[in-house]
Amino acid sequence: MKKPTIDIITLGCSKNLVDSETLMGLFDAHGYHVTHDSENPQGEIAVVNTCGFIEDAKQESIDTILEFAQAKEEGRLKKLYVMGCLSERYLADLEKEIPEVDGWYGKFNYKKLLEDLDAQLHPQEAWRHITTPRHYAYLKISEGCDRHCAYCAIPLITGRHQSRPVQEILDEVRWLVSQGTKEFQVIAQELTYYGVDIDGKQHIAELIEQMADIEGVEWIRLHYAYPAHFPWDLLRVMREKKNVCNYLDIALQHISDHMLSRMQRHVSKDETYELIQKMRREVPGIHLRTTLMVGFPGETEEDFKELVEFTKWARFERMGAFAYSEEDGTYSALHYEDDVPQEVKQQRLDKLMRVQQNISAELEAAKIGQTLRVVIDRMEGDWYVGRTEFCSPEVDPEVLLPANEALKIGNFYEARITDAEEFDLYATTKYE
């Protein structure tokens, strides 16, 4: 009997993408035909992997579920299932409000979908079905977070931090290399906490060092570190291992002691300044990506001015910012009044991003004339599109190279930077 086609739709972060790829691998192993984020879904079954982190993401998830529920009502879809963070957190409400969904699964029990589709099938060991370009993949090393920042709903959704076993991670890296993966985006809700739940010690530096020693691993890029109790040995690994990119994604959120205390970040202004100075000193040329928040309850004009001055001082190579939005059940929602007007939040956000745009433009322009290693991701029109070690897929600047240079997708090249825009570099591999 022919098995139905399944389309999996992934919303939210790269950690959700890994869950979708894991589920796709299980379906593959049981003989199903699986598609991912099809532009024109033809699958008989749809599985929506939802995000429940912030209000905009929750609304996108709900809108997507309703869109597929409508397709089911119109007979264009036979079955609809939902998984992920939104249903993990709001299951009872969603079941009541959207009865068209045939089954709801959370963040951790989604593998049961196989049994519910076919009572004879059971989850088994299976490798992920990689949906990214073959040469790079996301590698999730842990789940959950123990930090409990005042504004953050992640611990309410994912629970306490749980590290994956070292050997399991290394085995997955070796398998991915055997499939052609050269670049690894290491991800977690809290990367630097890795190992603490196992024996009380941070083992992220040790893990990355072992990964770097695996033959075929060309680049390792680190995402979502935490500033408090930073594991300094990680900087040594970054400095000594040439395939560990000089790149670190570390969300700082704010700089004023008033805000850091109210946010429950467990780090001070002085410690944050010292952290950045040490990172730049220990790893020359490191590119720091951070996220900052404006409009948190109680943020004064003086707090915001400190944040602007900090941004000017730090000169982050990559920076995103967002305005605070109250999340159900968090400490700030329960204990603080959301007292910064929305128009003030937006004004502050706009000003902070204007400051960063000027910094980004200057830093990218400074790369003109440099020769950098570039990986080619894809071809668009008359250009190859690639990235340097300082650029993570989808969120960072890209490098454009002329299509007449006959390059190969997934290969690395030494390229001379010839021009720069705010979000793109131009380069050539043809130089003396």
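May I ask you to verify whether Val340 is more than 23 Å from the chain's Cα centre (by Cα), surrounded by fewer than 17 Cβ atoms within 10 Å (Cβ to Cβ) and β-branched (Val, Ile, Thr)?
no
Residues of the stretch 38-57 that are at pLDDT below 90, farther than 22 Å from Ala188 by Cβ and touching a helix residue (DSSP H, G or I) at 6+ places or on another chain (Cβ under 9 Å): Pro41 alone. Checking each residue in the stretch 222-235 for being under 14 Å from Gln210 (Cβ atoms) and surrounded by fewer than 20 Cβ atoms within 10 Å (Cβ to Cβ) picks out only Asp233.
If the condition is being closer than 25 Å to Val374 by Cα and part of a loop (DSSP other than H, G, I, E, B), then the stretch 197-220 contributes Asp213, Ile214, Glu215, Gly216, Val217, Glu218. Only one of the numbered conditions (1) open to solvent by 10 Å² or more (accessible area, probe 1.4 Å); (2) touching a Gly at 6+ places or on another chain (Cβ under 9 Å); (3) of a type outside the set (D, E, K, R); (4) over 24 Å from Ala137 (Cβ atoms) is violated by Thr291, and that is (4). In this structure, Trp219 does not satisfy being among the aromatic types (Phe, Trp, Tyr), open to solvent by 20 Å² or more (accessible area, probe 1.4 Å) and over 30 Å from Ala333 (Cα atoms).
Could you check the stretch 178-193 and list, in sequence order, the residues that are hydroxyl-bearing (Ser, Thr, Tyr) and either open to solvent by 40 Å² or more (accessible area, probe 1.4 Å) or under 18 Å from Cys149 (Cβ atoms) (or both)? The answer is Ser178, Thr192, Tyr193.
Restricted to the stretch 99-125, and to residues there that are touching a Phe, Trp or Tyr at 6+ places or on another chain (Cβ under 9 Å), in contact (Cβ under 8 Å) with a residue 24 or more places away in the chain and part of a loop (DSSP other than H, G, I, E, B), the residue that is farthest from Gly216 (Cα to Cα) is Glu100. Each residue in the stretch 237-271 was checked for being in contact (Cβ under 8 Å) with a residue 60 or more places away in the chain, more than 13 Å from Ile286 (Cα to Cα), open to solvent by 20 Å² or more (accessible area, probe 1.4 Å) and touching a Pro at 6+ places or on another chain (Cβ under 9 Å), and 2 pass. Just one of (1) surrounded by fewer than 14 Cβ atoms within 10 Å (Cβ to Cβ); (2) touching a residue at least 60 places away in the same chain (Cβ under 8 Å); (3) part of a loop (DSSP other than H, G, I, E, B) fails for Gln357. It is (3).
In the set Arg128, Arg160, only one residue is among the basic types (Lys, Arg), surrounded by fewer than 17 Cβ atoms within 10 Å (Cβ to Cβ) and part of a loop (DSSP other than H, G, I, E, B); that residue is Arg160. Looking across the stretch 190-204, just one residue is in contact with a Lys or Arg (Cβ under 7 Å, 6 or more places away or on another chain) and not charged (D, E, K, R), and that is Gly195. No other residue among Asp396, Asp377 is at pLDDT below 95 and out of contact with any helix residue (DSSP H, G or I) (no Cβ under 9 Å at 6 or more places or on another chain) apart from Asp396.
Which of the residues spanning the stretch 138-157 are in contact with a Gly (Cβ under 9 Å, 6 or more places away or on another chain) and open to solvent by 30 Å² or more (accessible area, probe 1.4 Å)? Matches in the stretch 138-157: Ile154, Leu156.
Within the stretch 134-153, the set of residues being assigned to a loop (DSSP other than H, G, I, E, B) and farther than 23 Å from Ile54 by Cβ comprises Arg134, His135, Ile141. For the stretch 315-366, the set of residues classified as touching a helix residue (DSSP H, G or I) at 6+ places or on another chain (Cβ under 6 Å), farther than 28 Å from Ile154 by Cα and not β-branched (Val, Ile, Thr) consists of Arg315 only.
The values are calculated or read from the model by the stated rules, or taken from the named source; none is laboratory data. Owing to the predicted nature of the structure, the values given are computational and were not obtained by experimental measurement. FYI the Cβ positions are ideal-geometry reconstructions off the backbone, even for glycines, and counts take in every protein chain you see. Just the protein is used for accessible areas: all its heavy atoms, side chains included, with ligands, DNA and RNA removed. Shrake-Rupley method; radii C 1.70, N 1.55, O 1.52, S 1.80 Å.
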